[in-house]
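Inspection log for the structure reproduced underneath, given as structure tokens.
What follows draws every value from the coordinates through simple rules; no lab data is involved. All figures in this text were calculated on a predicted structure; none of them were measured in a lab. Cβ coordinates were reconstructed from backbone atoms using ideal geometry, including for glycine residues, and neighbour counts include every protein chain displayed.
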């Protein structure tokens, strides 16, 4: 950590993806000035959030459920261009348009309790002191790798969605794709066109969703995820409870047998994977499309985690600490959910920031010395 003096702001926003930028936009709308009243810290090298790391073959036209940031639509995008390029450019324009002044690359190592009820945010570029914090770190930096017996003996290549390079590298190879989510299906359909052989393996039978997905279904899906975080359990993705949409490409792949699924294997062998019933599949590559987990380790000093393994959240506010809001976590992990959560988090934070001023006005009205109120902990 650099030896820079502690910088004082009202709010620190960690992360400049959809959730972080939405939150920053609403902070500006609430009258706070970027760089003076709040700061946005992002560890990525350039604008675009996790989108900038997506594989080149994921063109903008293939993106499922990208929702515009508040206050500025994404218009005129070329569906044939890589999503990383299109959305990265859009985010960069958004940051400039609303003067959000994102600091990058900045790595946040820990958030600790400071003096006078403030939070200390320790980073690779010094320490910020804040009265409130919006955590919008997403999941991309914490890919989930399941562990199976024999995994270390596999002679082929293992990689995760986070490092998926596109289909060309799998030409002529035997590939096992593990995972029943949208990414696993997209990878499988791409790879099947060039690979010698593909095998799809999932822990649960995949659920394909035919027909439209309306607001009622969306609310029901979000409610299931919300229930978990309210109980202090690690959140599931919203997609995990909505099912897989049957697009024309998916329908074609199902008809061709590309999406014929096998149950999860029991062990990994030097040459592939094996099941308890004696079935084996030889493989050159195992691609783990097994999802991601929320990036919250830097919040560990605040002891927010529940026994169930997650952080209990009411709306966006951590129930153990009203100064902490998690946006893009659990039910707000979708792009439209992140927009709404950013607005909700800022509303809560603005109420918190108003507390000392309201108390000071009441004391002054009674003719009592206001300095004692200035020294009182925020939210106390």
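In what sequence, highest mean first, do 198-208, 117-127 appear when ranked by Cβ atoms within 10 angstrom?
For the peptides 198-208, 117-127, the packing ranking is 117-127, 198-208.
Radius of gyration (Cα atoms) of region 36-90, expressed as a multiple of 2.2 N^0.38 Å: 1.24. Going 7 Å from the Cα of residue 293 toward and past its Cβ, which residues in region 107-129 have a backbone nitrogen under 20 Å from where you end up? Of the residues in region 107-129, 108-111 have backbone N under 20 Å from the label point off residue 293. Spacing of the modelled spin labels on residue 248 and residue 89, each 7 Å from Cα toward Cβ, amounts to 2.5 nm.
With a ≥ b ≥ c taken as the square roots of the eigenvalues of the C-alpha gyration tensor of region 47-162, please select rounded if a/c is under 1.5 and otherwise prolate if a/b is larger than b/c or oblate if it is not? Since a/c reaches 1.5 but b/c is at least a/b, the shape of region 47-162 is classed as oblate.
In the calculated pair-distance distribution of region 144-193, the portion above 19 angstrom amounts to 27 percent of the Cα-Cα pairs.
Projecting label points 7 angstrom from Cα along Cα→Cβ for residue 204 and residue 46 puts them 3.8 nm apart.
Assuming 0.36 nm per residue, please report the length gained on full extension of the stretch residue 159 to residue 101 beyond their Cα-Cα distance.
17.4 nm
When only Cα pairs below 8 angstrom with a gap of at least 6 residues are kept, region 8-133 shows a relative contact order of 31 percent.
Two decimals is fine: what is log10 I(q)/I(0) at q = 0.18, 0.26 Å⁻¹ for region 67-132, from a Debye sum with one equal scatterer on every Cα and no solvent? So the normalised log intensities are -0.81, -1.06.
Here, region 254-350 has an Rg and a Dmax of 20.7, 61 Å when only alpha carbons are counted.
Extension gain for the segment residue 125 to residue 79, taken as residue separation times 0.36 nm less the Cα-Cα distance, is 12.8 nm to one decimal.
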